[in-house]
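Working notes, beginning with the structure itself.
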Amino acid sequence: MEPVVSVHGLRKRYGHVDAVAGIDLEVQRGEIFAFLGPNGAGKTTTVEILEGFRTRTSGEVRVLGVDPANSDAAWRNRVGAVLQESNAEPGLTVRESLQLYSGYYLEPRDIDATIALVGLEEKAETLAPQLSGGQRRRLDVALALIGDPELIFLDEPTTGFDPSARRTAWDVIDGLRALGKTVFLTTHYMDEAEQLADRIAVIAGGQIVAEGTPGTLGGRNRMAATIRFTLPEGTGAEDLPVELRALLAGEDGRITLTSQSPLAHVGALAEWARSRGIDLPDLDVRRPTLEDVYLELTRSEA
Amino acid sequence: MILFIRWLLRRRRERRGGEPASAGRTAASRGPLALVLHQAFYDLRGFLRNRQGRFFTLVLPLLFLVIFVAVFGNDKVGRLHLPAKVYYVPGISALAIIAASFVNLVISITVLREEAILKRRRATPVPAWALIAGRTLTALGVSLVSVIVLLLVGRFAYGVRLRAHTIPGLAITAVVGSISFCILAYAFSTLIENEDAAQPMVQAVMLPLYFISGIFIPAVNLPSWLSHVAQVFPVQHLSDGLHHAFAPATTGIGIVWSDIGVLALWGAIGLVFALFRFSWLPKAATG
């Protein structure tokens, strides 16, 4: 099946700087795709090219089989966009805003069902500018959904939200998956991508530096785990079995081991400690978080 | 206004097979006129809920009329030595048209653009002309309502009579003036960088023009070079055109084709300018 979004060698040059320096992307139907990167990495530039708001310097772009630079009303009937900076419709309630937008489409979704989908039933008659930031963003999602698009762009949908508003927004975005929509999500929050995305691409300095599922991004599945613990008085790292001593990565009051097979090594450590009658109350085994991977990937380029 | 547009929408729907309002056919599927009326209906709702907009377009012109008539009373003013009240009813009507069609529209367009509301609308299939025509229709409607209120107050509070045969001239001048100023609003908004600058910039242009174009002060009191300057701009021609309909010597439908011509010319210049310069995206764009 043809991908919903396909990008080859996309480049956008401002003056002498490549904001986007030749990237390739593919998004399949029904997928939630997270496009991740620090501020100024080229995320919004890329999305705005895909949405048809910006021209590109070079490269091939197809969104729903159409070049967005030559998009028409028929194409915009199939695409929804939640923009990063757009504000509420002045002087209209939530319901009226949706009525206004639904009139733009040939076959819009049901207004009440859409209000319910984003959880704004109780605010339906509230003036849109009086909503809280989180509610306003959910109205944005509803406005992008009202035309029943196949593909939805969400540009940093939760920036500036408090934790509970983010949770609610995530539930709404997760609900799009149940509707069978394809979602192109940009964010600079790692946990957001991990929570929502089927696939992630990381952009830094205008280039894709990694691509994969939340579990495998940047070789995360192959990266070593960290085992940390504190030994009681009178015991030192030199007392550890040879097998574990070989993994020693740091000793600053607390021992740090790095391990490719944490289960086996924690087992050996437990056996050794029990045989000596030692407890290790602060034992901690940690896999690298997506955040660690992301910081590693974007450190040099950002 | 809202009731009128509702009625128009309902009538159209009935003509197209008598579906009830809730039958789910959207404005976009009912054709261009339905889409423009749809946009105008919601723009008007938004406008009517804006206290500042209501005050500056509907209340302030009325206040000006009351104040000027109170100050000058039965003095004979202007080239035609008309009583002040006869002079100020059409003059302040011109101000009301400009307030709704230009001042309010410039500010409204700038806010919608800078808050990326126009951008979000453009991400939908709605055609650009429908958005522009809808908002222009709203401004035209508000202008005409405001003028009608001024005429009624003039008639019943001050006894300023509009002779029936000049009504077409007055109406045509008001409509052409309003549309031209709406187009100029789209053109002028392209010069404004951000929302905060909209109000000061539009007033910086219009206040001096009000003073030299016979809105506040009859033009006979101006040095001739200043009235020559005023002749170039559309404010003078809108106000002259409306004054003409009230002048006792006027015969026929009360239209001054040269004034209409200058207004239309300004509209045409504005249109060309807007076509080249108008942008749907915020100027203060983010990366």
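The values are calculated or read from the model by the stated rules, or taken from the named source; none is laboratory data. This one's a predicted model, so the numbers in the text were calculated from it and none came from an experiment. When we count neighbours, we look across all protein chains shown, and the Cβ atoms used for this are built from the backbone with ideal geometry, even at glycine.
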Within the stretch B:66-162, helices (runs of 4 or more DSSP H) holding 1 or more residues that are under 30 Å from A:W75 (Cβ atoms), of a type in the set (K, R) and within 14 Å of chain A (Cβ to nearest Cβ): B:104-114, B:117-122, B:128-158
Restricting to the stretch A:222-239, what's the tally of residues that are part of a loop (DSSP other than H, G, I, E, B) and of a type in the set (S, T, N, Q)? 2
Matching entry among A:T168, A:T159 (being out of contact with any strand residue (DSSP E or B) (no Cβ under 6 Å at 6 or more places or on another chain), within 13 Å of chain B (Cβ to nearest Cβ) and among the hydroxyl-bearing types (S, T, Y)): A:T159
Would you be able to say whether some residue in the stretch B:109-132 is under 13 Å from the mean Cα position of the chain (by Cα), crowded, with 21+ Cβ neighbours inside 10 Å, under 26 Å from B:L191 (Cα atoms) and aliphatic (A, V, I, L, M)? no
Residue that is nearest to the other protein chains (Cβ to nearest Cβ), among those in the stretch A:45-78 that are in a loop (DSSP other than H, G, I, E, B) and among the hydroxyl-bearing types (S, T, Y): A:S71
Within the stretch A:93-102, identify whether any single residue is modelled with pLDDT under 95 and within 14 Å of another protein chain (Cβ to nearest Cβ), and answer yes or no. no
Is one or more of the residues making up the stretch B:165-177 under 24 Å from B:N74 (Cβ atoms) and out of contact with any Leu (no Cβ under 8 Å at 6 or more places or on another chain)? yes
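Just checking: which of the helices (runs of 4 or more DSSP H) contained wholly in the stretch B:169-287 hold 1 or more residues that are surrounded by fewer than 16 Cβ atoms within 10 Å (Cβ to Cβ)?
B:195-212, B:224-232, B:257-277
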Here are A:A81, A:A19, A:A34, A:A88: which of them is surrounded by 20 or more Cβ atoms within 10 Å (Cβ to Cβ), in the same structural domain as A:R199 (by TED's automatic domain parsing), in contact with a strand residue (DSSP E or B) (Cβ under 9 Å, 6 or more places away or on another chain) and part of a loop (DSSP other than H, G, I, E, B)? A:A88
In the stretch A:158-172, is there at least one residue being in the same structural domain as A:P90 (by TED's automatic domain parsing) and under 20 Å from A:V5 (Cβ atoms)? no
Odd one out for A:A81, checked against (1) more than 7 Å from chain B (Cβ to nearest Cβ); (2) under 18 Å from the mean Cα position of the chain (by Cα): (1)
